[in-house]
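The values are calculated or read from the model by the stated rules, or taken from the named source; none is laboratory data. Keep in mind that this is a model prediction, so the values were computed, not measured. Here Cβ is always computed from backbone atoms with ideal geometry, including for glycine, and neighbour counts include all displayed protein chains. When the accessible area is computed, the model is the full protein with side chains, heavy atoms only, and any ligands, DNA or RNA have been set aside. Shrake-Rupley method; radii C 1.70, N 1.55, O 1.52, S 1.80 Å.
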Amino acid sequence: MAGLVALLLTLPLVGLRTVEVQSRLTIEPHLAEVAMTAFLVFLGRLGLTVAASGLPGPVLLAALATLGAGWFLPFPTEALRVLALAGAAVVAIRTLWALYRRQDPRSQQERDRSLDLWGARLQDATRLIGPVAVALALALPFLPFTDRAVLDLGILLLTYIMLGWGLNIVVGLAGLLDLGYVAFYAVGAYSYALLAQTFGFSFWLCLPLAGLLASLAGLTLGFPVLRLRGDYFAIVTLGFGEIVRIILLNWGDLTGGPNGIAGIPRPSFFGIADFTATPASGQVAFHQMFGLQYSPLHRIIFLYYLILALALLVNLFTMRIRRLPLGRAWEALREDDIACTALGINRTTIKLAAFAIAAMFGGIAGSFFATRQGFISPESFSFIESAIILAIVVLGGMGSQIGVVIATLLVIGLPEVFRDLAQYRMLSFGAGMVLIMLWRPRGLLSHREPTILLHPRKSATQQHAEAVGAP
Amino acid sequence: MTSPQDFAEPLLRVEHLSMRFGGLVAINDVSFSAQDCAITAIIGPNGAGKTTLFNCLTGFYTPSVGRLTVSHSGHRWLLERMEAHRIAGTARVARTFQNIRLFGGMSVLENLIVAQHTKLMRASGFTLAGLLGLPVYRQAERAAVERARYWLDRVGLVEMADRQAGTLPYGAQRRLEIARAMCSEPRLLCLDEPAAGLNPRESADLSVLLTFIRDHHRIGVLLIEHDMSVVMAISDHLVVLDYGRKISDGPPAVVRHDPAVIRAYLGEDESESEDDANGEDRNRREGQGSC
């Protein structure tokens with residue numbers, strides 16, 4: 001059955017290949033490969049079925065053998081080899097899982113609970129991890145192994161963490177599925193680039209201005225859109241994200257269209273000194289001011305600390321606002337918006353506030369992005385960026401601050417680290433996403449800490465134990 | 001501010017209220033009034049338009065025809081012209097829902113704090129003062145927690161204050177919803193079937209709680225309920241709806257003998273047995289003081 005389905009699917013995908021023959025496109029059939037693909041899929045499915053019906057041992061051996069064969073035997077095409085390897089690996093993992101499960105008498109529910117318990121423990125540990133992580137982040141530029149690449153990766157990660165924390169306000173706290181967050185990022189980046197180039201404003205003046213403009217964009221979008229709910233809301237924000245990108249692409253006079261804006265001014269050291277080797281006459285460069293040897297790394301380190309400070313600012317803000325009526329109203333809105341109305345909460349203003357504040361942080365991150373890159377174009381603000389930021393928030397566990405950090409490390413960090421795997425790194429990224437969705441459907445850290453307690457606080461682990469113990 | 005007529009003005013006055021959904025007439029020209037410091041019960045068979053009436057009152061629906069007036073503290077509000085959140089925040093009409101609507105993922109205490117949103121929002125200087133951690137806000141929050149503790153104590157949920165609201169047992173969720181509505185300091189409390197799904201003991205506790213709210217907090221309570229033991233025991237006034245029309249209106253002792261009610265609501269043949277079952281409720285009711 002699976003073989004048949006695979007046959008139908010692969011026939012157009014693998015079987016027909018366009019080949020350029022004398023500057024004409026023709027279709028060339030590859031029926032043998034189709035047959036082999038279908039056969040492999042059939043084998044894999046057979047393996048799974050047999051494993052499920054109680055013979056995981058032999059299937060495991062067969063899968064491992066296929067895996068070995070995949071490495072050493074020649075295959076007609078690379079695609080087939082990958083298919084065989086991946087298939088065998090999946091079957092092997094499934095059989096191992098089946099073997100493990102056999103020895104493990106616990107039910108699915110119990111296993112979920114034990115995972116929850118780990119999540120709760122991790123959350124308890126975050127009070128320790130948080131400061132340690134911040135200290136580590138602060139010390140990173142001075143660690144012995146740190147070079148340009150590590151710092152660049154750090155900046156990239158922190159940018160996404162900041163965006164994730166910003167989007168977390170809308171998605172995690174207020175429960176509004178925003179698929180166009182990158183639009184505000186773009187607004188921030190272009191505001192900085194244009195303000196700095198046209199009026200010569202400094203970075204430190206542009207940063208709040210960009211935030212303000214982005215939050216204005218958030219309000220403009222918010223007014224008509226916030227009456228919508230759920231899926232409709234998500235679709236309109238998705239559309240808005242694309243509208244912004246297409247405007248940037250087509251408003252050539254202002255934005256440079258697809259060419260983008262180049263030569264965006266770099267930030268100065270709080271407006272006092274520049275990061276240049278040879279400062280203009282009458283000015284002091286950063287390295288002269290502190291009596292250091294000139295190094296291009298200084299600016300990178302400065303940028304790193306800048307984004308670290310910005311990200312921590314967002315985090316601090318979110319942690320505070322969760323304890324304020326506005327933050328509690330956001331969470332209440334996420335839980336039940338009709339009950340909110342019945343308690344006298346004005347849904348529209350509350351949602352608008354969430355939208356504007358998140359947009360502001362997005363805009364600030366955007367202007368940081370512009371100044372770091374020195375060049376921006378609409379390509380940097382495509383839908384996939386929104387999707388990645390959203391994935392970070394959802395994977396981390398909606399509303400969890402530390403979850404965003406972990407998810408960023410996974411989503412952005414891993415593909416960067418595994419750059420050597422070339423085209424398969426996105427494959428492994430997808431596989432990782434699927435695994436998380438299977439094991440932790442509510443995100444890695446889904447435990448929510450109450451913002452105010454009547455009784456002395458208990459650890460998340462204890463609360464978990466109580467919740468499990470309760471009927 | 002208060003003119004002599006205002007003393008005669010009931011807390012809630014419903015005049016010629018009609019609600020149509022397309023061709024369906026859910027409420028047809030209903031008029032009644034509910035007094036302050038009294039429990040007014042709205043009863044009627046399923047589909048009589050009781051919940052629709054509540055939705056009109058609390059601004060979730062805009063009535064097709066009619067006027068809804070709430071008067072207290074020398075002011076008067078026309079509910080049919082107000083947005084839902086202003087009805088709750090300004091006219092101080094709170095409600096609970098037939099299918100419980102708690103903030104399930106938040107803790108019990110947080111549910112009660114959110115109910116005091118309007119007040120706290122003002123105290124936090126619309127977030128600014130709160131962000132800075134000014135003492136004004138901290139004081140307001142402490143007061144809010146104290147109010148929450150008072151109501152938790154009333155409904156017997158102090159022990160569970162830090163638990164997730166969604167994990168509470170059903171009866172506790174019902175009580176929490178009433179506590180949450182009370183935390184918003186209403187003048188008119190609308191309860192949509194608060195006794196649904198409760199066991200007899202919990203229903204009896206509910207009756208005690210509602211009479212306490214009426215007598216000690218001196219507010220008006222509007223109650224939709226099918227549980228006749230609760231209705232007959234505690235209500236001061238009954239309004240009976242059937243197919244969107246008001247068929248009877250008066251004190252429980254009068255309404256229960258109204259032939260129209262017996263025919264429409266209790267069923268003609270079974271009226272005898274129903275009457276017997278409710279006989280003892282009347283005795284219970286008469287023993288209670290009203291405000």
* **Computed label-point distance, nm, for sites residue A:434 and residue A:46 using a 7 Å Cα→Cβ extension** => 2.2 nm
* Asked: Based on the alpha-carbon gyration tensor of the range B:1-120 and its eigenvalue square roots a ≥ b ≥ c, which shape applies: rounded if a/c is under 1.5, prolate if not and a/b is larger than b/c, or oblate?
  -> oblate
* Asked: For the range B:120-234, what is the relative contact order in percent, using Cα pairs closer than 8 Å and at least 6 residues apart in sequence?
  -> 20 percent
* Asked: To the nearest whole number, what is the average tally of beta carbon atoms from other chains within 10 Å of the beta carbons of peptide B:114-123?
  -> 6
* To do: With just the Cα atoms of chain B, tell me how far they stretch along each of the three principal axes, in Å, largest first.
  => 67, 41, 40
* Structure fact -> So, with points 7 Å from each Cα along the Cβ direction, the residue B:215-residue A:383 label distance in nm works out to 6.4 nm
* At a Förster radius of 35 Å, what calculated FRET efficiency corresponds to the Cβ-Cβ distance of residue B:20 and residue A:349, to the nearest 0.05? -> 0.65
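Please report, in cubic angstrom per residue, the volume enclosed by the convex hull of the alpha-carbon atoms of the range A:139-213.
131 Å³
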* Structure fact -> Computed ³J(HN,Hα) along the range A:247-254: with the Karplus parameters 6.51/-1.76/1.60, θ = phi - 60°, integer Hz and x for glycine or proline, the list is 4, 4, 6, 9, 8, x, 4, 8
* Structure fact -> Residues whose built amide H sits under 5 Å from the amide H of residue B:44, excluding neighbours closer than 5 in sequence, are B:241
* **Given charges at Cβ of Lys, Arg, Asp, Glu: the range B:66-161 dipole, positive-most of B:145, B:102, B:90** => B:90
* To do: Beyond 19 Å, what share of the Cα-Cα pairs of the range B:157-255 is found? Please give it as a whole percent.
  => 46 percent
* Asked: Hey, if we sort A:152, B:153, A:147, A:178 by accessible area with the 1.4 Å probe, largest down, what's the order?
  -> B:153, A:147, A:152, A:178
* Asked: Rounded to two decimals, what is Rg over Rh for the range A:140-439 when you use alpha-carbon atoms and the Kirkwood radius?
  -> 0.99
* For residue B:58, solvent-accessible area (1.4 Å; no DNA, RNA or ligand), Å² -> 10 Å²
* Structure fact -> Whole-Hz Karplus couplings 3J(HN,Hα) for the range A:141-154, θ = phi - 60° and coefficients 6.51, -1.76, 1.60, Gly and Pro as x, run x, 9, 6, x, 7, 6, 10, 4, 5, 5, 5, 4, 4, x
* To do: Determine the shielding of peptide B:153-164 by partner chains: average, over its residues, the number of Cβ atoms on other chains within 10 angstrom of each Cβ.
  => 3
* Structure fact -> Expected integer from the mean partner chain Cβ neighbour count at 10 Å over A:327-337 is 5
* **Amide H contacts under 5 Å for residue B:64, placed H, 5+ residues apart** => B:18, B:19, B:20
